[in-house]
Amino acid sequence: MDIEKLILSRRTIKKFKQEELDVKTVESWLQTARVAPNHKMTEPWEVIFIGPETRKQLNHKTDFGKAPVVFAVLSHRGSSEAMRDENLAAVSCMIQNYLLLAWSHGVGTFWSSLGVSSSVKKTLEVSEEYDVVGIFGTGYPEEIPAEKERTPIKSKVKHMK
Ligand SMILES: Cc1cc2nc3c(=O)[nH]c(=O)nc-3n(C[C@H](O)[C@H](O)[C@H](O)COP(=O)(O)O)c2cc1C
C-alpha cells in the first residue's frame with residue numbers, strides 16, 4: 001500500500017480478533033518505528049509489554065478491545081519543560097510510525113490514554129522521570145470503523161507575507 005493510502009485508511013481499532021500476534025513481530029515493527037525524528041537524538045521512548053497479570057490490574061473497561069498484545073509507550077521528561085515537549089513530539093512520531101507500519105500488515109491499534117492516571121503509572125512501575133504517552137492494544141481488527149470526518153486543512157492554514 002502506498003503511504004497516502006496507508007495514512008487515509010488507518011483507523012483506531014476497538015475490537016480485535018482472537019488471533020495471536022507474535023510479540024517478536026510487534027518488536028520488529030517498533031525497531032523500525034524508532035527511526036523517527038527526535039531532537040538531539042534523545043530517543044526518549046521506552047516500551048513496556050503488559051502481561052496478563054498486570055493487564056488485569058489495569059482493569060480497562062473493554063480490556064483494550066481484547067487485543068492479543070498490549071504495550072505502553074513512555075516518554076522521558078528530560079531536564080526542562082521544553083525538552084519534555086520535544087520528547088513527547090518525538091515519541092508521537094515514533095508511535096505514528098508504528099501505527100502505520102502495523103496497519104500496512106493488516107494489524108490495527110487502539111490508543112488508550114489510561115496511562116495519564118497516577119494509579120496506572122504505579123501499576124506499571126513508571127518513575128516520575130517519564131510520561132505514559134499511551135497504552136496500546138494491537139492485533140488483527142474484528143471491526144474497522146468508518147472514517148471520521150476531518151476539518152479541511154485549508155481552514156487551519158494561513159499564509160503570511
Ligand atoms: C493522545 C491520544 C490519546 C487517545 N486516547 C484515546 C482513549 O483514551 N480512548 C479512545 O477510545 N481513543 C483514544 N484515542 C484515539 C482517538 O480517539 C482517535 O484517534 C480519533 O477518534 C480518530 O479516529 P481514528 O484514529 O480512527 O482516525 C487517542 C488518540 C490520541 C492521539
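Laboratory data are not the source of any read-out in this text; all were calculated from the coordinates shown. All values derive from a computational prediction rather than experimental measurement. We place every Cβ from the backbone using ideal geometry, glycine too, and count neighbours over all the protein chains shown.
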By residue number, the members of region 119-139 that are within 16 Å of the ligand (Cβ to nearest atom) and either assigned to a helix (DSSP H, G or I) or without any contact (Cβ under 8 Å) to a residue 60 or more places away in the chain (or both) are SER119, VAL120, LYS121, ASP131
Answer residue from region 51-100, given it is surrounded by fewer than 18 Cβ atoms within 10 Å (Cβ to Cβ) and among the aliphatic types (A, V, I, L, M) and is farthest from PRO37 (Cα to Cα) among those: ALA82
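Every residue, every condition in (1) within 24 Å of LYS14 (Cα to Cα); (2) crowded, with 16+ Cβ neighbours inside 10 Å, yes or no:
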{"site": "ALA102", "(1), (2)": "yes, yes"}
{"site": "GLY106", "(1), (2)": "yes, no"}
{"site": "SER113", "(1), (2)": "yes, no"}
{"site": "GLU125", "(1), (2)": "no, no"}
Looking only at region 136-155, how many residues end up being among the aromatic types (Phe, Trp, Tyr) and farther than 14 Å from THR12 by Cβ? 1
Among the residues of region 104-118, count how many are in contact with a helix residue (DSSP H, G or I) (Cβ under 8 Å, 6 or more places away or on another chain), within 16 Å of the ligand (Cβ to nearest atom) and of a type outside the set (A, V, I, L, M, F, W, C). 5
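Limited to region 70-92, what total is found for residues that are of a type outside the set (A, V, I, L, M, F, W, C) and either assigned to a strand (DSSP E or B) or without any contact (Cβ under 8 Å) to a residue 12 or more places away in the chain (or both)?
Residues meeting the conditions: 6.
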